[in-house]
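The values are calculated or read from the model by the stated rules, or taken from the named source; none is laboratory data. These numbers come from a predicted model, not from an experiment. Here Cβ is always computed from backbone atoms with ideal geometry, including for glycine, and neighbour counts include all displayed protein chains.
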Amino acid sequence: MVKKVMATLVLLSVYFVSVVAQSKPIALNGIFDSRSYNFQQSPVSLNGQWYIYADQLVTPFEKPEGSILVNFPHRWNKESSQGIATYKLSVIVNRDQKNLAVDIPQLYCAYNLWINGVLIAKNGLVSSSRRTTQPQWLPQVVSFPVTKDTLQFTLQIANFHHSIGGIKNPIRLGLPEDLLNQQSKAYLVNMILLGVLTFLGLFFIIIYVFVKREKAALYFAMLCLTWGLRSIFSEQYLAIHWMPWFDWELTLKIEYITLYFTMALAIQFIAKLYVFDTNLLIKKILLYPNYIFVFLTMATPAVVYTNLLNIYLTLAGAVLLCIVIIILRAMLFERYGAWFSVSGIMALAVAFSYNYLSYQGVFDFSPFTFYTLYLCCFFLLALALAYQLSPTAKSKNVSETLTFDDYVMNK
């Protein structure tokens, strides 16, 4: 028995080492050589040096002068984020590859993608002016037959509506079944998250209306419903898959406004959940700026309010820090169910950090990981709320009136 276990561990070790050891190719001088790569193991990101034709919409069979090499994915926010550009890349594949697929994330903000002169994917309408360009965010997986050993990628991008241009996440190349399976898993987790949040929201609204009028229950219900709405208007943009005609500007406003309301409701919820552990002045200082960002988002076009996101992320970090401090105080005084809040906030902090770092381009974004973290967060916070609403909560709390300030003064 021991020998079988050891043999299994050795085989697993060899497998994982072989997976890690397989070096992934990278584009050099506009050429991506994937002949030595095994697509059976995993898809590959088409990162590296692509040719860019700035301020030009070049067709697949045109090769004008003026191209330069840039590292792809390539965002324009460090230069001028408004305008047009064309990227080109040659991908060399094995002749035995019959079918491949590309996983295309959201681009800023409209694109056309050709492979060997065939238009295989597009978002919105690409044009050379703001008036005739139509932005759209619709991540997609597109499969295509491989008829040559060299795939000529031509990617046109137009942006006149967002403060960032270009592309922040890589385009991935792989087997159709692998990429479609990963997409299906991400959609499934997104749908589970939407269903769970909708159920929790409606459940705690019923609790608030018919059982116990605790504002913590109402804030948590609104928090769940708000984030549930945001989950289909961000990242995978499921709402756009269901309604491709939906207005891009309205989509983006929903994505941003639900983020601001989520932070406002989160601090309101935690403050009501642990009322004796909350500094009301600090809560108000962190709460009201969220409504200012909501107003600015509603009153200005996307090219203006998207420029404010990095400023807001600083405020969001301060809100999360305040929530952590409140929960640590609740733990100090052994509030009933505080450990569930701690676990939930830890999951929230990891999810927030993961989303922020992937937004900054530190690593590739995984929808499956992102949605799973938020699912754990809301489930644990729901348990914390259920404990606080239970009849035994008052007797289990060490003190209803002792606060952190009292503790410091008594020292």
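For the stretch 278-319, the set of residues classified as surrounded by 15 or more Cβ atoms within 10 Å (Cβ to Cβ) and of a type in the set (K, R) consists of K283 only.
Can we say G201 is in a helix (DSSP H, G or I), without any contact (Cβ under 8 Å) to a residue 24 or more places away in the chain, touching a helix residue (DSSP H, G or I) at 6+ places or on another chain (Cβ under 9 Å) and not acidic (D, E)?
Details: in a helix (DSSP H, G or I): yes; without any contact (Cβ under 8 Å) to a residue 24 or more places away in the chain: no; touching a helix residue (DSSP H, G or I) at 6+ places or on another chain (Cβ under 9 Å): yes; not acidic (D, E): yes.
Criteria not met by G201.
Across the stretch 230-251, the qualifying residues are those that are assigned to a helix (DSSP H, G or I) and free of Cβ contacts under 8 Å to residues at least 24 places away in the same chain, and the one among them that is farthest from K283 (Cα to Cα) is W242.
Among residues that are closer than 27 Å to L281 by Cα, surrounded by 15 or more Cβ atoms within 10 Å (Cβ to Cβ) and modelled with pLDDT of 70 or more, I327 is included.
The single condition among (1) crowded, with 16+ Cβ neighbours inside 10 Å; (2) assigned to a helix (DSSP H, G or I); (3) in contact with a strand residue (DSSP E or B) (Cβ under 9 Å, 6 or more places away or on another chain) that E177 does not meet is (1). Among the residues of the stretch 122-129, is there at least one that is closer than 21 Å to G174 by Cβ and in contact with a strand residue (DSSP E or B) (Cβ under 8 Å, 6 or more places away or on another chain)? Taking every residue of the stretch 122-129 in turn, at least one turns out to be closer than 21 Å to G174 by Cβ and in contact with a strand residue (DSSP E or B) (Cβ under 8 Å, 6 or more places away or on another chain). The strands (runs of 3 or more DSSP E) found entirely in the stretch 36-127 that carry 1 or more residues being small (G, A, S) and either without any contact (Cβ under 8 Å) to a residue 40 or more places away in the chain or surrounded by fewer than 21 Cβ atoms within 10 Å (Cβ to Cβ) (or both) are 48-54, 83-92, 118-123. Check the stretch 9-25 and report whether any residue there is modelled with pLDDT under 95 and within 15 Å of V93 (Cβ to Cβ). Within the stretch 9-25, one or more residues are modelled with pLDDT under 95 and within 15 Å of V93 (Cβ to Cβ). Checking every residue in the stretch 274-288 against the condition of being assigned to a helix (DSSP H, G or I) and under 23 Å from the mean Cα position of the chain (by Cα) gives zero matches.
Residue-wise test of (1) crowded, with 20+ Cβ neighbours inside 10 Å; (2) more than 13 Å from Y371 (Cα to Cα); (3) among the β-branched types (V, I, T).
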{"site": "I206", "(1), (2), (3)": "no, yes, yes"}
{"site": "K212", "(1), (2), (3)": "no, yes, no"}
{"site": "A217", "(1), (2), (3)": "yes, yes, no"}
{"site": "S234", "(1), (2), (3)": "yes, no, no"}
{"site": "A239", "(1), (2), (3)": "no, yes, no"}
{"site": "F246", "(1), (2), (3)": "no, yes, no"}
{"site": "F276", "(1), (2), (3)": "no, yes, no"}
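Taking residues in the stretch 317-336 that are free of Cβ contacts under 8 Å to residues at least 60 places away in the same chain, and partners anywhere that are of a type in the set (S, T, N, Q), the pairs with Cβ atoms closer than 7 Å and at least 6 places apart or on different chains are I326/T278; I327/S341; A330/S341.
State yes or no: is L179 touching a residue at least 12 places away in the same chain (Cβ under 8 Å), within 20 Å of T372 (Cβ to Cβ) and within 15 Å of the chain's Cα centre (by Cα)? No; evaluated as a whole, the condition is false for this residue. I'd like to know if the stretch 252-260 contains one or more residues that are assigned to a helix (DSSP H, G or I) and touching a Lys or Arg at 6+ places or on another chain (Cβ under 6 Å). Within the stretch 252-260 (the criterion being assigned to a helix (DSSP H, G or I) and touching a Lys or Arg at 6+ places or on another chain (Cβ under 6 Å)), the answer is yes, since at least one residue qualifies.
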